[in-house]
Structures are given as C-alpha cells and as structure tokens.
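Trainee: Shown below is the structure under consideration.
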C-alpha cells in the first residue's frame, strides 16, 4: 500500500511577540507529528479542544505554514512547492469545514459556489456548467432545483452538502474533514456521515477525519490518532484496539454508552487541559495521569510503535 | 412527592405557537430529561417553567405549570423573581456568559444567598465556600477571589452550578449544561449533577440534544419534536423499546448505539423550524412509516409498559 | 452563526433595488428620500427651472424681501436668491459627491489592501491615514488653498482627505473580519489567487456599509463645503454656493435676513434628509453593527 500522504515531524509554533507589558510566549500548537495516510484509508484524529487537531488539518493543506517537518502528498514534497504549483495541487486535496453556515459566500448562488472551483483552477467542467452543477448536487443528495438558491435559504445540513460538492468538484484524491458534523443536529449528522461513506466507496477517496467525538471516529475511521496538547499520544491501528495510553483510556471512559443499563460509575479525569503556552518538560498529561511517575515529569515520552500500535507513554497500560 | 407538573402547556409568540400540548411531571430526587434537536421547543419549555417567556415576547396561552402545589402560569413577575434563583435554580449552556466578567467569583455567588435567604455577606461567604467545596472545587476560599477569566470552562460551569445551588433550591433546570465543554469535562459535570440530585434530593430538569447524556443520568425522558412531546416514559422503557419512530431514529443515529458495526439510522430531510411546523403528526414529513392519517390528525398518546408515544402506529412497528 | 455572514446574507441582494425599496418603505424614508430626489432634479435641471440668471445683478432691486417675482427675495446686488439657491444645490451636491467619490475609491483601495495584506504595509497605511484624521478639516482646506489657491478644487480635495480615514478604516475593518470567515479559507483552499479572493469575495461583501457611510458623508461634505464657502476659501464669486451666500448675507443680517436664512435652511434640511435616509438604508440593509465596528 502506498501512502497518499506522508507526514513527518510536522510542527507548528505560534509565538506572540513580547512588549513592554507582556512576556513573549510560545505555543506549540502541533508538535512533532508523523504518520502515513495510505490511499483509500480513513484516519481519524481525535482530541479535545486545543489539542491541535484543526491546526494539523490546516498544516497538511498548507493553509497554515508549518514551522518544521516534511509533507509528501502522492510522492511530492508539498513544502517545496511554489505558491503557483501549490495552488494547482490544491485541486487534488480538499477540505470540508466545520461551520457550514459560513463556508459559502452569502452573495453566491449555490450554482456559482459549486462552479467556483473550476473557475479558480482555470478548468472547464467536462459537461455544460448547468449539467455539472446538477450532477454535483445530485451526487451529494441535493435537488438540482436548489442551484439558484442562496446559502441563507438552505438548512445547515444542506449547506454542508454544498460544501462537500464544492470540495469534490475537482475530483480530489484526499479529503480533509474538519469536524464536518459538529455544528449539525444529530439526525442530520447521521445523514452527512452516511453520505461521506458512500462517496468514499464510489470515488475511492482518502479521508483525514478530525473530530472530538470518539464514538464517531470509531464508527467512521480505520485508524485513530489521539492527540493531546499538540502531540500524538497514541496511534491505534484499528478502532477496536485496546487503549495503551492513559489519556485514550480516559477519553473512552468519558464517552457515555447510549444505554441506561450500562451506567458506569466512571472515575472522571481530574483537572482540565492545561494552557498550551510554555509547557513544562515531560509528558503533557502527567499532571492528570493516575499512573504518573517521576520520569513523566522530566522526559517527554517518544511515540514508540509495537506491532503497529504506537504509544507515547513511559508507563503504558 | 411531585415537585413539578406541567400539563398541556401551550406557548405563543404573537400568531406563532412554537409549543403545544406539552406535559410532564417530576418528583424530588428525580432527573427528567427533555431531549430534542434544535427548534424542538425543549429550551422554550424550560423558559416557560422559569417564567422567562415575557422577556422575549412569548406567553403561555393554555395549560398549567404546578411547582410544589403552586400554579406558576400567569404568576406575576415579582413573585417569579423570588422563585427564580431561589427555589428554582438555573444552569445555562454557556458558563462564559452566565458570569459577570468584572466581578470576583465570591461576591457573585454570595449575592444569591444574600438576596434569597436574607443572609449577611459573612454568612453567605461561609456558605459559598462550603458549596464550592461540595462541588469538588479545590481551595474554595482562594477561588472566591478569582475573576471568571482566570478559570477554565469546566471550572466556570461549576461556579454557575454553585450559584444555582446557593439558595438551596428544590428544582434545578439545566439547559444543555455540558454542550460547550470537552468530553472529559462533560463527564465530570454530569457525574456531579447526578450526585447532587441524590445527595440533596433535588428535582432536576435536564435539557439536552444528546441521547447518551439522557441514558446516563435521567430517570424519566420527554422526547420533543417540532414543539410537541412525541414520546415520554421511564428511561429504561424509552431505550429498551422506543415506540415513536423519531425516538428510534434519535437513538439509532448515534454511532455505536446499536452495536459497533451497525449502520447509522439517518432521518431524511431537516428539522422543521417554528415557521413551518407540519400539520398532523409533526414528524410525518420525515417518517418512513407515514400514512395519510399522519398528515391530518395529531396522534394521541398510546401507552406501552412505562412509556407513551404520540404515534398513530405506536406498537405496530419495530 | 457568525455575525458577518448572517448580516451579509440578509443584505445578500447587496445594494440592489430591494434595499433601496425597503429604505423608501417607511414614511421617514419616503419624505427624506423624496426631498433628496427633488434636490437632485433641481441641481440637474437648474438652467431650465430657475426664474432668473443666478449672476444677473439688478442693483436697483437690491435687498428686496420675498415677493413676486423674486420668491425668496434678492441679495444686495439684486440677484435672485431662489435662483442662486437652486444653482447652489448644483455646486454643493456636485462638489460634495465628487469629493466623497474620490475619498471612497481611494479609501476602499487603501483599506482593502491594508486589511488583506496586513503586516508592515498595513501599519504604514493606517498611520498615514490616521494622521490625516488628526488635522482639523479647515486646516487641511487651508493647506490646499495655500498650494492651489481658493476655489472648488481645493474644497473638493479638502473634503476628500477629511473623510479618507473613515472609509479606509471602515473598509479595512470589514476585510479583516471577512478574512476570518470560513468561505475565504475554503476558497483559498480551492487554489484561488489573492486577486480572486479580494475582488470576488472580500470587496463585494464589504461594499454595502462603505457605500452607506459614503452617502452619509455627502451630507457632512455639504456642510464642510458651505463652511469653506462661508470663509471665502471655497467657491469664488459669482459661482453660487450655499456657504458663500450665507457669508455674503451676514453683512445685512438684520436688514435682509432672507439672504442668509434660505441657504441656511436648505443646508440644514439637506443634511437632515441625508442622515434620515442613510439611517433608513442602514436599517434596510441591516448593517448597523458593521458600521459601528469600524
């Protein structure tokens, strides 16, 4: 299996300049992330707010410039591309955004929004524009009659379908999904997830799926990366693999079962995600970890694979 | 002992009736979940109980709300003000906007006991420290001198809960209390609310869109759709054998609910808004089992074990 | 929903007929808008509707009070006040509108570039623009008068520069806010060039509030034009200008008050009408928050 996307030691550091009234601060939004995304696979990136999962998505697409690391897409070094080359390459790597409400220009009709990818790439649709619009809208389960509507006339779920149609217009091979259902109603979430699954099978797409919802990631993905404060703390080779990192275990425990007979007396994780600014040395999770030892507060654990299951912990479960 | 009983509640904003025929009841030590999607009227039901409708121009046009034997529908605002924050506590969705950013935590919580229990500020502070302690907030006396912006989201939500508890309420209304929080923090807060209900013998109305939260915390469930109750019953009855197609779909569309590899149930179409609530059964526009009668007649409740569903064909389908 | 998108989608028809129609919907909008249209027609058709030549002197009939045939009386040279007020509308409106048009075009370009590119460029542009704001309008006018002499050109430049900062800041604020919208990120991710982002997405969404503020500024421009005219820095005789007319009327304030009152009333009513109609437009487009944000 060849990797469509190869991410190596990808890091992003945001710095806020100091001034007379404040110290300069550095934040490692994404820290030394490496993984391979093989063609046709779905990798889920899961973590809580501030773990860097959305930044990771934008680094991979070079919507944010990485501070360090390499990115290879289909064998090509993305970070070596000139702006012009990068613009053309974007046709092959697309993104679906979290907030469908602001993902379409409010002044654009749906038809114009769906044809915009062709316009910016200087491509002609293979069929007549009106036919192309109808085909794309039907592909995402929308009535072609919506072509002349404006975004504000559509529901959230419909807008997200338009977002997907726009992303797929140029037939990309990689689709980065940044919490595509987080701002939708649960019943609509299921529609969008089913649509994405169907499109993946029909078009042979490769997905990187960003989510805070472990249940959804387990359902939708083949592999899971668990992130905590900018680092991948565990890479589960399949969704049923037993958690080896204490954080992954807690995340699983905190996810409620949808069954009143399975009321677990969970021991919730104490404390909350610490500030990502100026992190202390050692494992970022040490302060909340029940199994933390002295070494956890001094040395940052490396992500070490064992039988394809990687975990960054001095004391894995 | 029944703490709250809502019967055939109907709410109108001018000519629009976003809520009709809403009934539920709950007793001390019980948690009632009101579950539904956006626009289902679940938050409006809570606002009606709290007498907050006039603020946004709504009014109760029919039905009654009986709280501990007292009729609340039509209660004048001054009387309501005594109840709200006093015997009825409120926990809102967004802790960031429920706290005054310019005031320290201590005085904000103290004010509730001073206002509703007539305590002196010293007594109130002692009580605040005590409550913060029971909410497992470390170093409560120190926290009192902090400002809201110095605290994390989960900690702020605990402060909001402390304010709701400060006047020793009998009824607590929590509107999506964990939606804005991370998963691990959500688990902490839900567990905390659960303990409070048991320890203090509270009646808790929990408004949520999340069936898993309902499954984990509630004793009774009211499922709302397009301004109406479509099913109500005990939590075990609702989850074991949901009778209404909407309830079934709401459980089925959560990944992993029906089993790890089972397909998601998705409901076609979109949630109706208050401006286009369907006639007849509100769910008929999205229901796979729709029959002609569903488009014209509002279904009556059909009981089944410990639940009742408003569906013309309840019990006939699985 | 983020405010900009919501607002923009409601103002989606943009600055089209529907918004103007809605502005005319209320009775205030009808009165104010009607007056402005009347004023505009008067300015355009001045040569055909004025009863007398605005410059024709009739020294025998100086300072006559309002009566037939001089409906608004005559000034001390016996010139017809009504004719001069009508021609004055031409001067005031054209000077103010041209100046604001220059100001809006330059301000939008600078503001859009500053907001889009950011960084050092933005800081330099905004500092320079803010500097123009810190000078009193009259002082700016005096500088132009000193360089190119008194007259309508100086007035025009003075007005254009006086309001430049407002349009630059407003446009920049819009662009900075719009840049954070998901649809901009989505379009960049489609591979769009900066020019496409700026011209097809940012500017069209930013334009409505700038146009409305521009329209409101025309009212202010009329006052500034009148002020400069009053001090003799603007329109030079015999060009009729409301400000200059009032200035010439001060000498006989008690003898023939109509010379100063009528142009004064027209300035006041025009400014009030512009503001009322502008308010109605803001309401119709639902952009109050965006204007305040600048």
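The values are calculated or read from the model by the stated rules, or taken from the named source; none is laboratory data. Note that the coordinates shown come from a computational prediction; the quantities given were computed from them, not determined experimentally. Methodologically, a virtual Cβ is constructed for each residue, glycine included, from the backbone with ideal geometry; neighbour enumeration extends over all protein chains shown.
Conditions (1) touching a helix residue (DSSP H, G or I) at 6+ places or on another chain (Cβ under 8 Å); (2) farther than 27 Å from residue A:310 by Cα; (3) not in a strand (DSSP E or B), marked per residue:
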| position | (1), (2), (3) |
| --- | --- |
| A:30 | yes, no, no |
| A:36 | no, no, no |
| A:45 | yes, no, no |
| A:49 | no, no, yes |
| A:56 | no, no, yes |
| A:70 | yes, no, no |
| A:85 | no, yes, yes |
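Trainee: So, one more: Mind counting the residues in the range B:79-111 that are farther than 17 Å from residue B:157 by Cα and assigned to a helix (DSSP H, G or I)?
Mentor: Count: 6.
Trainee: Within the range A:95-113, track down each residue that is in a helix (DSSP H, G or I) and more than 9 Å from every other protein chain (Cβ to nearest Cβ).
Mentor: A:110, A:111, A:112
Trainee: Looking at A:210, A:192, A:224, which is the one that is more than 8 Å from every other protein chain (Cβ to nearest Cβ), over 13 Å from the mean Cα position of the chain (by Cα) and surrounded by 23 or more Cβ atoms within 10 Å (Cβ to Cβ)?
Mentor: Within the list A:210, A:192, A:224, the selection yields A:192.
Trainee: More than 8 Å from chain B (Cβ to nearest Cβ), free of Cβ contacts under 8 Å to residues at least 60 places away in the same chain, in a loop (DSSP other than H, G, I, E, B) and under 21 Å from the mean Cα position of the chain (by Cα): which single residue out of A:299, A:238 fits that description?
Mentor: Only one candidate qualifies: A:238.
Trainee: Sticking with this structure for a sec: If you check every pair at least six apart or on different chains, which have Cβ atoms under 6 Å apart with a residue in the range C:222-242 that is within 16 Å of residue C:86 (Cβ to Cβ) first and a residue that is surrounded by fewer than 20 Cβ atoms within 10 Å (Cβ to Cβ) second?
Mentor: C:238/C:55
Trainee: A further question follows. So residue A:151 passes all but one of these: (1) more than 14 Å from chain B (Cβ to nearest Cβ); (2) crowded, with 22+ Cβ neighbours inside 10 Å; (3) modelled with pLDDT of 95 or more. Which condition number does it fail?
Mentor: Every listed condition holds for residue A:151 apart from (3).
Trainee: Of the residues that make up the range A:248-267, is at least one out of contact with any helix residue (DSSP H, G or I) (no Cβ under 8 Å at 6 or more places or on another chain), within 12 Å of chain B (Cβ to nearest Cβ), surrounded by 14 or more Cβ atoms within 10 Å (Cβ to Cβ) and closer than 23 Å to residue A:52 by Cβ?
Mentor: Taking every residue of the range A:248-267 in turn, at least one turns out to be out of contact with any helix residue (DSSP H, G or I) (no Cβ under 8 Å at 6 or more places or on another chain), within 12 Å of chain B (Cβ to nearest Cβ), surrounded by 14 or more Cβ atoms within 10 Å (Cβ to Cβ) and closer than 23 Å to residue A:52 by Cβ.
Trainee: Which of the residues belonging to the range C:117-157 are more than 16 Å from residue C:96 (Cα to Cα) and within 18 Å of the chain's Cα centre (by Cα)?
Mentor: C:132, C:133, C:136
Trainee: Let me ask another. Consider only pairs whose beta carbons are under 8 Å apart and that are at least six residues apart or on different chains; among these, list those whose first residue lies in the range A:133-145 and is in contact (Cβ under 8 Å) with a residue 40 or more places away in the chain and whose second residue is surrounded by fewer than 16 Cβ atoms within 10 Å (Cβ to Cβ) and in a helix (DSSP H, G or I).
Mentor: none
Trainee: Testing residue B:138 on (1) more than 26 Å from residue B:3 (Cα to Cα); (2) in a helix (DSSP H, G or I); (3) modelled with pLDDT under 90, one condition comes back false. Which one is that?
Mentor: Result: residue B:138 fails condition (2) only.
Trainee: Of the conditions (1) modelled with pLDDT under 95; (2) facing chain C (nearest Cβ under 9 Å); (3) assigned to a helix (DSSP H, G or I); (4) over 23 Å from the mean Cα position of the chain (by Cα), residue A:116 fails just one. Which one is it?
Mentor: Just one mismatch for residue A:116, condition (1).
Trainee: Listed residues B:255, B:268; which is surrounded by fewer than 15 Cβ atoms within 10 Å (Cβ to Cβ), within 12 Å of another protein chain (Cβ to nearest Cβ), part of a loop (DSSP other than H, G, I, E, B) and out of contact with any strand residue (DSSP E or B) (no Cβ under 9 Å at 6 or more places or on another chain)?
Mentor: After ruling out the rest, the residue left standing is B:268.
Trainee: May I ask you to verify whether residue C:216 is in contact (Cβ under 8 Å) with a residue 60 or more places away in the chain, closer than 27 Å to residue C:279 by Cβ and within 14 Å of chain A (Cβ to nearest Cβ)?
Mentor: When the stated conditions are applied, residue C:216 does not pass them.
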